[in-house]
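Remarks on the structure that follows.
Any read-out appearing in this document is the output of simple, stated calculations on the displayed coordinates, not a laboratory observation. Computed from a prediction, not measured in an experiment: that's the story for all the values here. Here the Cβ positions follow ideal geometry from the backbone for every residue, glycine too, while neighbour counts run over all protein chains shown.
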Amino acid sequence: MNPEEIKKWREAGNLASEALQFGKSIIKAKMSMLDITEEIENYVRDKGGELAFPTNLAINNVGAHWTPSSKSKDVFCEGDLVKLDVGVHIDGYIGDNALTIEIGSDNYKKMIEASREALNKAVEIASAGIGVGVIGHAVQETIERYGYRPIANLTGHRIKRYNLHSGVSIPSVGERGGPVLKTGDIVAIEPFVTDGAGRVGGKRNSNIYHLRQIRNIRDEKATELMIEIRDRYKGLPFAERWLHTFQEDAAKNLQKLIRAGIVSYYPVLDELGKGMVAQSEHTIMITSSGNEVLTK
């Protein structure tokens, strides 16, 4: 990895961290989720960055994958447990980080602490030559010591330029074998903690989309939207509400692309035991001497 690439990874991580803390500072009960999300995303753009994915707001027993649509009327409520996940890219180099906020109460303070401590433990041991299963074991052990369960089917991930999930997963449970980290790897580590079943699933539309393929569709406007999505987002996830900035009838044409199998949505991932969920996340770079936290 050359110095210019490292510089961009660091810039993306630093801005992602700043945007996450900004988001934390403005989330309050009775405030519009759409307004807060757009404030966070505008913060990133105003600072010279781009969004690596739509800002995620996973509330209570939603583990991951939800962002407001352009028509959303949802508001934050007293007692909500909010997972705020913010991703930033600088020229395709990505910083991905998350934290959990409990609005106006302290019922899940211990659960939030468990997710943070599990993340800290994972960062402490992540280095070249360490297998991802060893990290998963440390995360699981830490979470279970607090009396909770890790979510087994939500994992961290290796990141490459314009590629948020590049083929290597970082589990939150112990596993035998699996990939070994190496110098130069960029990985997001994100323990999810629950008092529920320890697994997530679902089919509901999260309002987060990705381009599956490019192919002919007999609709001029839908074709224009498909090409614009390809060129703007370069394979990264996007939100329906972003599309209205460059196409007036974007919602209608997005549905045409979905029906044609060109675009798919990510499903909302609910905790299957209806448990509450907390999350903490950093992006790190594996170095010859250990690792560097890029989103600190």
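G273's amide H: which non-local residues (gap 5+, or another chain) put their own amide H closer than 5 Å, with H modeled 1.01 Å from N in plane and none for Pro or chain starts?
Under 5 Å from the amide H of G273 lie the amide H atoms of A197, G198, R199, each far enough along the sequence or on another chain.
Tell me the net charge near H157. Cut-off is 9 Å between Cβ atoms, H157 excluded, with +1 for each Lys or Arg and -1 for each Asp or Glu.
Neighbour charge sum, excluding H157 itself: -1.
Once the Cα gyration tensor of segment 119-211 is diagonalised, what are the square roots of 5 times its eigenvalues, in whole Å and ordered largest first, as equivalent ellipsoid semi-axes?
Each semi-axis is the square root of five times an eigenvalue, giving 21, 21, 10 Å.
Based on Cα coordinates alone, diagonalise the gyration tensor for segment 205-267, multiply each eigenvalue by 5, take square roots, and list the semi-axes in whole Å, largest first.
15, 13, 12
Work out the P(r) tail for segment 1-126: percent of alpha carbon pairs separated by more than 17 Å, whole number.
60
Using a 10 Å cut-off around each Cβ, can you sort L34, L294 from fewest to most neighbouring Cβ atoms?
L34, L294
Taking a cut-off of 22 Å between Cα atoms, list the lysines near K7, but don't count ones fewer than 8 places away on the same chain.
K47, K160, K182, K234, K296
Cβ under 12 Å from V132's Cβ, V132 left aside: what net charge do those residues give with Lys, Arg +1 and Asp, Glu -1? Walk me through the numbers before you get to the answer.
Details: positive: R158, R176, K182; negative: E175, D185.
Result for the local shell: +1.
If you take every residue apart from D185 with its C-beta less than 12 Å away from the C-beta of D185, what net charge results, scoring Lys and Arg +1 and Asp and Glu -1?
Taking every other residue near D185 into account, the sum is +2.
Where the only charges are on Cβ atoms (+1 Lys, Arg; -1 Asp, Glu), what is the dipole of the chain about its Cα centre, to the nearest 20 debye?
Magnitude of the dipole: close to 720 debye.
What ratio of Cα Rg to 2.2 N^0.38 Å holds for segment 65-108?
The reported ratio for this selection is 1.48.
Which aspartates and glutamates have a Cα lying under 15 Å from the Cα of K28, excluding residues fewer than 8 positions away in the same chain?
Partners found: E38, E39, D74, E78, D80, E102, D106.
Quick one, what does Rg over Rh come out to for segment 174-236 if you take C-alpha atoms and the Kirkwood Rh?
1.13
How do the peptides 42-53, 277-288 rank, highest first, by the average count of neighbouring beta carbon atoms within 10 Å per residue?
By packing density, highest mean first, the sequence is 277-288, 42-53.
Where does helix 109-125 land angle-wise versus the long Cα axis of the chain, in degrees 0 to 90, nearest 10?
80
Which values of log₁₀ I(q)/I(0), to two decimal places, follow from the Debye formula for the chain at q = 0.09, 0.15 Å⁻¹ with a uniform point scatterer at every Cα?
Reported log10 I(q)/I(0), two decimals: -0.42, -1.18.
Helix-only estimate, please: 222 nm mean residue ellipticity of the chain, summing -39500 (n - 2.57) across DSSP H runs of length 4 or more and dividing by its residues, to the nearest 500.
Numbers: 7 runs with 97 residues, N = 296.
Helix-only estimate at 222 nm: -10500 deg cm²/dmol.
For helix 33-46, what angle does its Cα long axis make with the longest principal axis of the chain, in degrees from 0 to 90 and rounded to 10?
It is inclined by approximately 90 degrees.
Give the calculated FRET efficiency between H210 and E113 to the nearest 0.05, with a Förster radius of 45 Å applied to their Cβ-Cβ distance.
Taking R0 as 45 Å, the efficiency between H210 and E113 is 0.85.
Do you know the relative contact order of segment 144-296, to the nearest whole percent, from alpha carbon pairs under 8 angstrom that are 6+ apart?
Once normalised by length, the contact order is 31 percent.
Once the Cα atoms of helix 220-233 and of the chain are each reduced to a long axis, what angle between those two axes, in degrees from 0 to 90 to the nearest 10, is obtained?
Long axis of 220-233 versus the principal axis of the chain: about 30 degrees.
Restricting to Cα pairs below 8 Å that are 6+ residues apart, what does the relative contact order work out to for the chain? Please round to a whole percent. Before the final figure, lay out each step's value.
Numbers: 724 pairs, mean separation 69.5, N = 296.
With pairs under 8 Å counted, the relative contact order is 23 percent.
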